[in-house]
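Structure record follows, encoded as structure tokens.
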Amino acid sequence: MERLAFPVSIVEFQHRFAGEQACLDYLAASRWPQGFACPACGGGTAWVLARRHLRECAACGRQTSVTAGTIMDHTHLPLTLWFWAAYLVATHTPGISAVQLQRQLGISRYETAWYLLHKLRRAMIAPERGLLTGEVEADEAFVGGRNSARRGGRDRTGKALVAVAVEVRGTGSGRVRLQALPAADRDTLLGFVQATIAPAAIVHTDGWSGYGYLAGAGYDHRPVNPALPPRRPEADLAPGAPGDLQPQDLDRRHPSRHLGQAPAGLPR
């Protein structure tokens, strides 16, 4: 079976993947574009077994699932649900939440929608993606809603510390990298930068001392001195990235803090 091209419309998608068998045929064509090949003996003939999406080699009896090695492996959910979820996640602009996915697909439990969404998001990350290059702005922030139990800026109750690095492209931004951090000390922040930004890149940060190792690690580190005016008019750190984010900031892309504002002790 020839592998189908990506549907150009929701009507075409619905027509192509109307049932479980259509989804199974598509997965088999994707797994064996030249026809079935047994992973054990290389045999080219297989019996189709109804249970667990299996193909059984006619020569050696080895059973192989068309979903093995995918995010659908050992799933108890219908393949049509997986396919619809994948289509919505891949085509919905600017993104889709678990609540939206639950509503669109008529899923009874929020946990199921959350599970589908995060499985798909993880699968969409390119493992060979490259490091950020050129000019990059980096920052870190506590992400989470307001919490009356917090005792001050250093208290992380109810919040997660997240680092962000954004490529600078003129007055806009390019690729983005985000990572949850256990702390904002020098070793942790250096590890984040080395994992996301290519050596010799220009790295703009605020004046937080946690970025003190960058210059010695081969980066052109350009921290902003809070006593001096910003280097350029568009001096927001990491345009569209977090300052002290609230949940609504993730959707509305509120402006981040200015570089000219120095952190007091630990970052925001």
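The values are calculated or read from the model by the stated rules, or taken from the named source; none is laboratory data. Not measured: the values here are computed from a predicted model. All Cβ positions, even for glycine, are placed from backbone atoms using ideal geometry, and neighbour counts span all protein chains on display.
Side notes on the structure shown:
- Scan of the range 162-194 for residues that are more than 20 Å from ARG222 (Cβ to Cβ), under 17 Å from the mean Cα position of the chain (by Cα) and not β-branched (Val, Ile, Thr), ordered by number: LEU178, GLN179, ALA180, LEU181
- For the range 70-95, the set of residues classified as hydroxyl-bearing (Ser, Thr, Tyr) and within 15 Å of GLU20 (Cα to Cα) consists of THR75, THR80, listed by residue number.
- Counting the residues of the range 182-194 that are in contact (Cβ under 8 Å) with a residue 40 or more places away in the chain and surrounded by fewer than 17 Cβ atoms within 10 Å (Cβ to Cβ) gives 0.
- Pairs are defined by a Cβ separation below 9 Å, a sequence spacing of at least 6 or placement on different chains, a first member in the range 26-42 that is in a helix (DSSP H, G or I), and a second member that is loosely packed, with under 11 Cβ neighbours inside 10 Å; the pairs so defined are ALA29/GLU2; ARG31/GLY69.
- Hits in the range 68-102 (condition: over 22 Å from the mean Cα position of the chain (by Cα) and touching a residue at least 40 places away in the same chain (Cβ under 8 Å)): PRO78, LEU79, THR80
- Of the numbered criteria (1) closer than 27 Å to ARG122 by Cβ; (2) without any contact (Cβ under 8 Å) to a residue 12 or more places away in the chain; (3) among the hydrophobic types (A, V, I, L, M, F, W, C), the one ALA50 fails is (1).
- Scanning the range 170-199 for residues that are of a type in the set (Val, Ile, Thr) and at pLDDT below 90 gives a single hit, THR171.
- Entirely in the range 62-154, the helices (runs of 4 or more DSSP H) that have 1 or more residues that are β-branched (Val, Ile, Thr), crowded, with 18+ Cβ neighbours inside 10 Å and modelled with pLDDT under 95: 79-91
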